[in-house]
Ligand SMILES: [Zn+2]
């Protein structure tokens with residue numbers, strides 16, 4: 001929440017002139033990346049406007065934060081409390097892909113009401129959107145490219161479909177999906193063809209490079225250089241379409257990263273305590289409690305039909321974890337505390353916070369603990385999901401006709417970003433937890 005919390009009424013952008021908005025999410029870009037990003041020509045164009053650090057919401061994972069950036073709410077308000085849907089015993093759960101899971105209005109809903117044309121490309125939780133005119137959402141099927149294209153077509157809006165078909169050959173699939181090239185081509189095609197009023201684009205290359213190689217590696221640097229070229233293509237498309245002068249352009253990100261030291265399979269310990277039961281094939285047959293990993297934290301779920309004895313047993317196991325220095329769980333935060341301190345809520349008892357660098361895995365076989373120096377450690381090198389005030393922060397930068405130039409601001413959150421976007425479009429997000437970041441604006445927002 002910024003000092004601008006007293007702003008309650010959005011002003012029209014500038015004297016009734018037409019205003020458009022493009023938001024580019026550079027997943028896992030952090031504030032310490034800014035000096036390097038300033039050496040890249042297209043990042044620099046946006047960072048030369050107004051920029052500052054942005055605190056993520058808890059959990060500091062991708063889907064909850066991207067939903068705050070379109071709603072102005074924390075997870076308790078928008079309902080997207082994790083990346084993946086909680087699915088005990090399922091090895092590859094579905095993610096929160098469906099926009100209909102969002103529990104409050106989004107900026108896309110408000111844009112539609114006002115008659116603005118909106119588009120999203122690769123933006124989380126925009127599948128099957130009732131409001132986005134041209135939606136090409138982030139969605140995949142790990143089974144392969146053919147299955148991914150089938151579900152992507154199903155989740156895209158009818159007008160988004162033609163862009164999927166025109167650019168499907170640009171999705172690369174080696175060990176997993178890579179959408180950066182595809183998303184950029186779709187976004188530039190949409191800009192030139194449709195000149196939308198509102199466009200949100202998600203680019204994931206920096207995050208992927210960090211997960212697989214570490215926080216500050218040559219691969220991460222290359223990812224930034226690649227993304228800079230894509231930002232350049234998008235800015236060029238705005239110029240080609242003749243709308244660059246009337247478009248405010250933002251860079252946002254959703255979280256930083258922390259080096260991973262170990263992986264903790266809490267559900268393995270729950271199996272050993274009889275709270276998760278396996279069949280003869282080693283698959284989960286029933287459960288009383290389940291830890292759903294959100295990166296560096298885990299949600300403790302209790303089965304809806306579990307009795308008081310099971311509840312007491314699992315809370316006793318968790319207390320042992322917190323007290324045992326050999327178990328990498330630093331604390332258990334009950335849900336009421338999470339709601340009050342972070343606006344974090346969901347269908348679970350509370351949150352397990354790992355010791356620094358502990359990644360929670362959902363799996364239930366093997367050992368409960370895998371250290372980075374173990375020969376069979378083949379998992380992520382860096383991760384997020386930690387408490388939002390810990391470690392390096394996300395980034396918010398803007399440039400454009402309504403944006404102050406050469407400004408550095410502080411104290412912003414991802415929820416404030418959404419409220420600022422709405423303000424620039426003359427919209428108002430109801431019940432927002434955030435406020436307009438007034439330091440970004442060339443013309444100060446009107447006070448009530
Ligand atoms: Zn992310």
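Rule-based calculations on the coordinates, nothing more; no lab input. Note that the structure is a prediction, hence the values are computed from the model and not measured. Cβ sites come from the backbone with ideal geometry, for glycine too, and all protein chains shown count toward neighbours.
For the chain, the 222 nm mean residue ellipticity estimated from helices alone, with every DSSP H stretch of n ≥ 4 adding -39500 (n - 2.57) and the total spread over all residues, rounds to -9500 deg cm²/dmol. Connecting C-alpha atoms closer than 10 Å in a GNM of the chain, tell me which of 55, 405, 319 has the biggest fluctuation. Among 55, 405, 319, the largest GNM mean-square fluctuation belongs to 319. Peptide packing: for 86-98, 425-437, the average count of neighbouring Cβ atoms within 10 Å per residue gives the ranking 425-437, 86-98, highest mean first. For the chain, modelled as a Gaussian network with Cα springs under 10 Å, which listed residue fluctuates most, 366, 77, 256? Looking only at 366, 77, 256, the largest GNM fluctuation is found for 366.
Of the beta bridges in the chain, as assigned by DSSP with both residues counted there, near 55 percent are antiparallel.
Comparing 143, 99, 75 in a Gaussian network model of the chain where C-alpha atoms under 10 Å apart are linked, the largest mean-square fluctuation is found at 143.
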